[in-house]
Amino acid sequence: MVRVREMNEADIEAVSAIRVRGWQAAYAGIVPRSYLDAMTIEDDAGRRRESFSHAGRESRDLVALGDRGPVGWICFGPSRNRVSGEGRAGEVHALYVAPDLIGTGVGRGLLGEAHAAMKDQGFGTSALWVLRDNRRARHFYERAGYAADGATQDDVYDDVTLLELRYLREL
């Protein structure tokens, strides 16, 4: 049984471990191995502590708690890019689940909670960006009602340029 709550500062190390291990699992064969190998939980936690305590921060973080503590994390808030259409757009900035729990409903639960919170905040649409070659994530988001809208952007990892696709979903 997993429950979802607001992330707090005590969760930072666990969330950083979920994020780093999630990257290393999800992006193996997509993002250069040199980039993935250079990622550390300590560096991620340091950056997360700095941004988490930033005054005026508009994004929110939720964690999924299981028997062993945090097992998933989602960050969402106002969209960083303009999205055409009706109303304000929110954005899922990040969603990661402990690699051994992928496919167990943890990600679905976090995404559902984020959708409800964004809707409560007056957002009519949710956006997110996903690497084109991350077929597993694209399938997950498509099952959750998202669809690519044709917008793209490049991300560079160790001199390798990868294409990201924007996905949208009405809330």
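The values are calculated or read from the model by the stated rules, or taken from the named source; none is laboratory data. Nothing here was measured: the structure is a model prediction, and the numbers come from that model. Cβ placement follows ideal geometry from the backbone for every residue including glycine, while neighbour counts extend to all protein chains displayed.
From the list G66, G90, G103, G112, pick out the single residue that is modelled with pLDDT under 95 and within 19 Å of V130 (Cβ to Cβ).
G103
For region 20-38, does any single residue satisfy the condition of being farther than 16 Å from D100 by Cβ, in contact with a helix residue (DSSP H, G or I) (Cβ under 7 Å, 6 or more places away or on another chain) and of a type in the set (D, E, K, R)? Don't jump to the end; show me each part of the working.
Going residue by residue through region 20-38, those that are farther than 16 Å from D100 by Cβ are 27, 29-38.
Within this subset, residues satisfying the condition of being in contact with a helix residue (DSSP H, G or I) (Cβ under 7 Å, 6 or more places away or on another chain) are 27, 36.
Still in the list and also of a type in the set (D, E, K, R): none.
Looking through region 20-38, none of the residues is farther than 16 Å from D100 by Cβ, in contact with a helix residue (DSSP H, G or I) (Cβ under 7 Å, 6 or more places away or on another chain) and of a type in the set (D, E, K, R).
Looking at region 114-142 only, could you name the residues that are of a type in the set (D, E, K, R) and either more than 21 Å from A17 (Cβ to Cβ) or touching a Pro at 6+ places or on another chain (Cβ under 9 Å) (or both)?
The answer is K119, D120, R132, D133, R135, R138, E142.
Of all residues in region 124-133 being touching a Phe, Trp or Tyr at 6+ places or on another chain (Cβ under 9 Å) and surrounded by 19 or more Cβ atoms within 10 Å (Cβ to Cβ), which is nearest to I102 (Cα to Cα)?
Once the filter is applied, the top-ranked residue is V130.
Can you name the residue in region 137-166 that is of a type in the set (K, R) and surrounded by 12 or more Cβ atoms within 10 Å (Cβ to Cβ) and is also nearest to I102 (Cα to Cα) among such residues?
So, considering only residues that are of a type in the set (K, R) and surrounded by 12 or more Cβ atoms within 10 Å (Cβ to Cβ), the one nearest to I102 (Cα to Cα) is R138.
When only residues in region 89-107 that are touching a helix residue (DSSP H, G or I) at 6+ places or on another chain (Cβ under 8 Å) and not in a loop (DSSP other than H, G, I, E, B) count, which is farthest from Y146 (Cα to Cα)?
Top of the filtered list is P99.
Of the residues that make up region 103-114, is at least one under 19 Å from E142 (Cα atoms) and loosely packed, with under 13 Cβ neighbours inside 10 Å?
Yes: one or more hits.
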